[in-house]
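Asker: If you scroll down you'll find the structure; I have some questions about it.
The values are calculated or read from the model by the stated rules, or taken from the named source; none is laboratory data. Because the structure is a prediction, the values reported are computed rather than measured. Every residue, glycine as well, gets a Cβ built from its backbone with ideal geometry; the counts of neighbours run over all protein chains shown.
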Amino acid sequence: MGAIEKFQEIYENRGDYIRDWKSRNPGSKVLGYFCTYVPEEIAYAGGVLTSRLLGSHEIEDDSAPHIFGMFCPFCRDVLAQGLQGKADYIDGISDGNCCMHLLQAFEAWYLNVRPQPKMIRADVSCTTQTARGVDYLTGELKAFQKDIEEWMDRKITVDDLDHSIDVFNQNRRLLRQVYDLRKADDPPISGLECMYMVVAGQLMDKKEHNQLLEEALVELDGRKLDRETGSRLMLIGSENDDVEFISMIEQKMTMPATVVIDEHCTGTRYFLGEVIPDEDRIAAIASRYLDRTPCPAKDWPKRIRFDRALQLAKEWKVDGAITLQQKFCDPHEIDMPSIRKYLEDNGVPTYFLELDVTVPVGQFSTRVEAFLESLMLDIL
Amino acid sequence: MSKLTRYPTKTFECWGMAKELRMDIYNKLAQKASGEKDWLVASGGTEGLIGLPAGLGDDYVPFGGEPYGASTGAMGKSQEMMAYCENKGYARDLCGYCRNYLGSAFGDKFSFGGKYPHPDFYFQLHFCDTHGKWYQPAAEFTDSPYFVIDGGAMYRWPKWNESKERKQNKLNYLVQQMHDSIPWMEEVTGREYDDEKLGEAVYNEIMCTSKWAKCCELNKHIPAPMDQKSMYAFYVVHVLRRHTKEAVAFFDSLYDELQDRIAKGIAAVEYERYRLIHNSQPPWYALNMFRYLEDFGVACVGSQYDFMLSGGWDYYYDEDDVARIRAAEPSPDLKQQISTRDGALTALASWYLEYGLQARSFRFPMLERRNIDVAIARDWNCQGAIMHLNRGCEGWAVGQLEVRRALVENGFGVVTYEGNVADPREYDGPRTFARIDAFLESQGLKKIAT
Ligand code: SF4
Ligand code: SF4
């Protein structure tokens, strides 16, 4: 199996991967994180495997007694994984003072999932924009470091932090290299493969992910996809690891289309932006989390992400963008009319779709097809 | 069921004053919109720190988005305002107040008549996900400046092992942002900031929230001196203008009046025989529900929402390790603290972080939030709860189902109904009343024939 297939395998069998990892790393622990604002580098420096908690995209009713149905399907789906015992390899959980939807899933997990995990909060600021953000977050992350040290019963040294920062930065660089290949007129990797790749990295040990990424880059050298690229699409919006949705776009349309870039917290918002070395390692990590493209929940009072999204659209030469949002996701909902207008005013046509736990393929494919047709007309 | 007692009742003497103080704000906003008087208007949320712009001058009028959204709902104008918002592409499941407010801005309509009162600037304290986002489109649409203070790095709950350094870091973060807001306000208004006025506003804000909490404590009494609708009419004074001396005077009078009612055995609900907490905001366009409950001898005596919207409560564990709440006590040297800018800002920030239980409940939404409702139900002598599963406010809906479970586990019956704080399209009156009927019947309560 090549590296590119291996990403899919790990994505689909994350529990097996993590259990195996634990057997190879006795004494280590696994911290399940709910939000990409958890400073993974610090936990990793303490010998912890950070693994993102995601949903399974299957209909469930386990979360219904705990989270009211007006909250986003993603947070309910994530909680259901814990309630169904599918994440029994988790030793601790962490959030990043994320949106209130996910905070509920986080606390409901602690309250109801057994064995009860250790809860390690990171009280990240709610915006990334205040002038005081770096000082505050540095202080908070130092406290987070202490929590990890206590949990792991070991000190985190400067060398540990440097090593961890290197591993994470290397990961970001390698992912960026693969993403850059998608700028080509005929990208050597599909959007679906890329999604498996980038999400697998959020589930597994970054060091091992780096090895796979290096192998993948070799595999991608000169690779040609056995399909027409068609319309170059960008996906923008909420958390999205919906493989069914992306394979619908790339494989089930009568008109060819390829997802060449994304602006999701499961994609570019997660990995773009390195930690820039600084005497104070924790301050450097804090700055990285404040400088990355923000989640809309933390993007105020100004709108930093709009311009970044547009830059991606331009660099990856997209024909159009599908703006996606988890149903009921308030931060994205408020951004949606404005970001669509911003992109359209700047020459990027958009189409809006709302994601639920499962994708209504029939309905969505007709709508996406119509969008692709309109893009074709624009090109003609 | 217990035998029926008929208590004496009486209209509140404070009622007129509450109404006047509320309408004074909306009248001024209408004047601003019509050009009759150019009040200095800052618009944003009103759950905390509304006294900050007071240093700009006595003509400062806060235009609170949430109370305005509620009033719009109560006046039956939501659908009109929401249509303006939805026509611009905003989702129907966004915060109901936010849609009412943004609709007013987009449609240039003020629910109290006339045009939308364009604020001089937007000023927000953020701790609900919607807070910081809400005024982005408003500020862009009206081309006005916008400042937000991040109030979402809240102190944790008492048993969560929060180190002193962590707390100090949170306090510094908040105080520094408050400091930063002052030169910003000076710049956008071209005015000089008066620290003495700030000190007074901070003093009033702290005194008001503490006094309201003390008024709520008096509602433990049987029969309760305040019914649900009176609480809504009174608490709005601190929501709209707790930084003013008029508001402090109001809560002082209310407190005295409540004590007097208790001394004289005056009840809010004539045949009170069963007490509930009403969890979450009400559907403002359907307050008749409370009148209906009263027909059964049911009094709604309080909730996190009524009590804690603007803070002022201390959450603690007693010597038997039972979680409780009590009115927070202002520091005896508050007057000294507020004599400098830094002192005033630190006093207000500490008060918010320590006693702003609403904000804390939003950022840490389940584990201890459950205990607060159980504490209210138990200590305010309730038998159960009525819970509005409120699609219009994610803030008050977070953790709701776990709160429900905790209440039931502690022996309180709970009846739920679905609705929306501001959007009547999501509320089914007959269905709600049928659920209430079934619940009360299960508790052995029938309508009292009068
Ligand atoms: S989709 Fe939106 S509401 Fe849901 S977890 Fe993500 S940011 Fe929060
Ligand atoms: S969701 Fe609720 S708490 Fe949040 S802004 Fe709207 S009304 Fe306020």
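Asker: Name the single residue that is farthest from B:Phe112 (Cα to Cα) among those in the range B:81-99 being of a type in the set (D, E, K, R), more than 7 Å from every other protein chain (Cβ to nearest Cβ) and away from ligand 2 (no atom under 13 Å from the Cβ).
Answerer: Among them, the one singled out is B:Arg92.
Asker: Give A:Thr293, A:Thr366, A:Thr350, A:Thr358 a once-over and let me know the one that is closer than 22 Å to B:Asp129 by Cα and of a type outside the set (A, V, I, L, M).
Answerer: A:Thr293
Asker: Sticking with this structure for a sec: I need the full set of residues from the range B:375-400 which are in a helix (DSSP H, G or I) and either buried (at least 22 other Cβ atoms within 10 Å of the Cβ) or within 14 Å of ligand 2 (Cβ to nearest atom) (or both), in order please.
Answerer: Within the range B:375-400, B:Ile376, B:Ala377, B:Glu394, B:Gly395, B:Trp396, B:Ala397, B:Gln400 meet the criteria.
Asker: Quick one: how many residues across the range B:48-69 are within 16 Å of ligand 2 (Cβ to nearest atom) and either within 14 Å of another protein chain (Cβ to nearest Cβ) or among the aliphatic types (A, V, I, L, M) (or both)?
Answerer: Result for the range B:48-69: 4.
Asker: Could you say which residue among A:Phe106, A:Phe74 is within 19 Å of A:Pro294 (Cβ to Cβ), of a type in the set (A, V, I, L, M, F, W, C) and more than 16 Å from ligand 2 (Cβ to nearest atom)?
Answerer: A:Phe74
Asker: Okay, moving on. Looking at (1) free of Cβ contacts under 8 Å to residues at least 12 places away in the same chain; (2) surrounded by fewer than 20 Cβ atoms within 10 Å (Cβ to Cβ), which is the one condition that is false for A:Val158?
Answerer: (1)
Asker: Then there is this: Which is assigned to a helix (DSSP H, G or I) and either among the aliphatic types (A, V, I, L, M) or within 16 Å of ligand 1 (Cβ to nearest atom) (or both), of A:Leu49, A:Leu54, A:Leu103?
Answerer: A:Leu103
Asker: To continue, here is another question. Pairs needed: first member in the range B:130-149, at the interface with chain A (Cβ under 8 Å from one of its Cβ atoms) and under 19 Å from A:Cys329 (Cα atoms); second member anywhere, within 16 Å of ligand 2 (Cβ to nearest atom) and among the basic types (Lys, Arg); C-beta distance under 6 Å; at least 6 residues apart or different chains.
Answerer: Close Cβ pairs (under 6 Å, with a partner that is within 16 Å of ligand 2 (Cβ to nearest atom) and among the basic types (Lys, Arg)) do not exist here.
Asker: With respect to B:Leu94, is the statement that it is more than 24 Å from B:Gln31 (Cβ to Cβ), more than 16 Å from ligand 1 (Cβ to nearest atom) and not in a helix (DSSP H, G or I) true?
Answerer: Against the criterion (more than 24 Å from B:Gln31 (Cβ to Cβ), more than 16 Å from ligand 1 (Cβ to nearest atom) and not in a helix (DSSP H, G or I)), B:Leu94 does not qualify.
Asker: Using the structure shown, decide if A:Ala43 is more than 16 Å from ligand 1 (Cβ to nearest atom), within 11 Å of chain B (Cβ to nearest Cβ) and among the small types (Gly, Ala, Ser).
Answerer: Spelling it out, it is not the case that A:Ala43 is more than 16 Å from ligand 1 (Cβ to nearest atom), within 11 Å of chain B (Cβ to nearest Cβ) and among the small types (Gly, Ala, Ser).
Asker: Separate question: Of the residues that make up the range B:177-197, is at least one within 13 Å of another protein chain (Cβ to nearest Cβ), among the charged types (D, E, K, R), over 30 Å from B:Phe234 (Cβ atoms) and surrounded by 19 or more Cβ atoms within 10 Å (Cβ to Cβ)?
Answerer: no
Asker: Out of all the residues in the range A:265-272, is one or more in a strand (DSSP E or B), surrounded by 23 or more Cβ atoms within 10 Å (Cβ to Cβ) and within 16 Å of ligand 1 (Cβ to nearest atom)?
Answerer: Within the range A:265-272, not a single residue is in a strand (DSSP E or B), surrounded by 23 or more Cβ atoms within 10 Å (Cβ to Cβ) and within 16 Å of ligand 1 (Cβ to nearest atom).
Asker: Also, quick follow-up: Taking the options A:Ile261, A:Ile246, A:Ile285, name whichever one is more than 15 Å from ligand 1 (Cβ to nearest atom), over 21 Å from A:Ile165 (Cβ atoms), in contact (Cβ under 8 Å) with a residue 40 or more places away in the chain and part of a helix (DSSP H, G or I).
Answerer: The unique qualifying residue is A:Ile246.
Asker: On to the next question. Only one of these is more than 11 Å from chain B (Cβ to nearest Cβ), within 20 Å of the chain's Cα centre (by Cα) and either modelled with pLDDT under 95 or surrounded by 18 or more Cβ atoms within 10 Å (Cβ to Cβ) (or both): A:Gln81, A:Gln104. Name it.
Answerer: A:Gln81
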